[in-house]
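The next block holds one structure in the form of structure tokens; read it before the comments.
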Amino acid sequence: MSGHCVIIGAGHGAAQLCASLRQERWEGPVTLIGAEPYLPYHRPPLSKTQLDPDSDTTLQLIRPEEFYARQQIDTKLGVRVTAIDREHKRVETGTREIAYDKLVLCLGSLHRRPPIDGIGHEKVFVLQTATDAGVLRHAAKPGARAVIIGGGFIGLEVAASLRKRGLDVTVLELAPRVLSRVTSPEVSGYFENLHRSHGVSLHLGVSVTGIEDGGGGLKVHVAEGREYAADFVVLGVGAAANTALAETAGLETAQGILVDEFNRTSDPDIYALGDCCNQFRPRYQQRMRLESVQNAVDQAKTVAASLAGHASPHDALPWFWSDQYESKLQIAGVSTGYDRVIVRGTTGSGGAFSAWYYHGEKLLAVDAVNDSLAYAVGTKLLQAGLDPAPEDVANLNLETKRLQTIAKEQTHA
């Protein structure tokens, strides 16, 4: 409770950890080390409001500068940690060494860069930091041609934001549908129609093989024989856990830094949280690496409690969201492994509907598109471990809010 806690990383999880440590009465010094020159800031707006011409593009700090001074958090910004010396319990930054009693890794994830010829061109952008958003915003002139490689959340959110700015947008997706790793075909179809209705040229099942500088712009080549003209390209092909620092230090990793139910790594004095870690989820009976603000924040609270001496296993319900044009997708739970999906509502343009994912009779997750009630009910059901009968969910004559009551009655019957 009085030792020195060093936090590497300055994202959402790190910001929450600073607050939670003090709330848990951690009285020792806390040092926050961030590679960017900014205090922790909200990252979801980078692909949304930071690119939206009608929004304020001012960087949104998670907590004001005064918070860190008031809580006596020593912030070292624009500093990159180069190594962890576990034997002597210190981190190295290239210019100095910082000793720790407890170390927390909030390293986040790294954008995947597939082996595509020309991917290193200066007009090929990624979107992960405030600096990246500024570069992309500068390039996004109305009328410019943008090719986005990848039809996941980042790719589609960037596509929506760039269309709002009046750009000519093409999305190239390797899979046969967008959002294929996280949603059902019904939800994918809705967002494919949504983007096409807003003028996005969307191509599915295409494999990008090269990016060529054609003098007057870029040419993006695909294996199917076509090429697409662009003034710039945005990569949105997924992310990998940032584990290099942990691996060099000898910590156990496997698709992320391996942590236990308290977010401890294989070294009991080192914890990891957020996008960089891989944790067993009792709710789904498997290890998972989740990329979401909520997951990082919840895990930060778990770490703080553990460091304060009253550890409680982490088992928060994962949730996610995405804003694209006028549509909002809210996801409660993780649908991995589902064998049946039940759709309630209207999946047409501008519709409101929800997709309920089951494995057998067990409810795994709920996707809600423009349907906050379904999201709220689904969240409560999942948190309570209640499984409404699939036939009840499929019965559209039953109001959504009745599903929770019926599930409770069936459980206690």
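Structure above, values below:
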quantity: Percent carbon-and-sulfur accessible area, the stretch 95-140, ignoring ligands, DNA and RNA, probe 1.4 Å; calculated: 52 percent
quantity: Cross-link table Lys48/Lys362; Lys141/Lys219; Lys102/Lys328; Lys328/Lys401, entries beyond 29 Å C-alpha to C-alpha; calculated: Lys48/Lys362; Lys102/Lys328
quantity: Protection proxy ranking of 218-228, 290-300 - average other beta-carbon atoms within 10 Å, highest first; calculated: 290-300, 218-228
quantity: Debye-sum result for the chain in log10 I(q)/I(0), which assumes one identical scatterer on each alpha carbon, at q = 0.06, 0.11 Å⁻¹; calculated: -0.27, -0.91
quantity: Protein accessible area in the stretch 243-346, 1.4 Å probe - carbon and sulfur %; calculated: 49 percent
quantity: Protein accessible area in the stretch 1-81, 1.4 Å probe - carbon and sulfur %; calculated: 46 percent
quantity: The chain, relative contact order in percent, only Cα pairs under 8 angstrom and at least six apart counted; calculated: 14 percent
quantity: Cα gyration tensor shape for the stretch 119-247, rounded if a/c is under 1.5, else prolate or oblate; calculated: rounded
quantity: Cα gyration tensor category, rounded, prolate or oblate, for the stretch 301-348 with a/c compared to 1.5; calculated: oblate
quantity: Largest-first ordering by accessible area, 1.4 Å probe, given options His195, His88, His121; calculated: His88, His121, His195
quantity: Candidate aspartates and glutamates - alpha carbon under 12 Å from Lys164, same-chain residues fewer than 8 apart omitted; calculated: Asp52, Asp54, Glu326
quantity: Of Gln285, Phe320, Gly345, farthest towards positive along the dipole that unit charges on Lys, Arg, Asp, Glu beta carbons give the stretch 283-375; calculated: Gln285
quantity: Per-peptide average of other Cβ atoms within 10 Å, ordering 6-18, 25-37 highest first; calculated: 6-18, 25-37
quantity: Overall form of the stretch 91-175 per C-alpha gyration tensor (a/c, 1.5; a/b vs b/c); calculated: prolate
quantity: Ellipsoid semi-axes in whole angstrom, largest first, where each is sqrt(5λ) of the Cα gyration tensor of the stretch 186-311; calculated: 41, 19, 13
quantity: Under-5 Å amide H pairs with Ala10, H placed in peptide plane, nonlocal only; calculated: Ala35
quantity: Among Gly150, Leu127, Ser161 - extreme Cα towards positive end, dipole of the stretch 125-167, charges at beta-carbon; calculated: Ser161
quantity: Accessible area of the chain divided out per residue, in Å², using a probe of 1.4 angstrom; calculated: 43 Å²
quantity: Efficiency of FRET between Asp315 and Leu110 - r from beta-carbon atoms, R0 30 angstrom, step 0.05; calculated: 0.65
quantity: Size of electric dipole in the chain: Cβ of Lys, Arg +1 and of Asp, Glu -1, about Cα centre, debye, nearest 20; calculated: 340 debye
quantity: Rg and Dmax of the stretch 346-413, Cα atoms only, in Å; calculated: 11.6, 41
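The values are calculated or read from the model by the stated rules, or taken from the named source; none is laboratory data. Note that the structure is a prediction, hence the values are computed from the model and not measured. Methodologically, a virtual Cβ is constructed for each residue, glycine included, from the backbone with ideal geometry; neighbour enumeration extends over all protein chains shown. All accessible areas refer to the heavy atoms of the entire protein, side chains included, with ligands and DNA or RNA removed. Shrake-Rupley method; radii C 1.70, N 1.55, O 1.52, S 1.80 Å.
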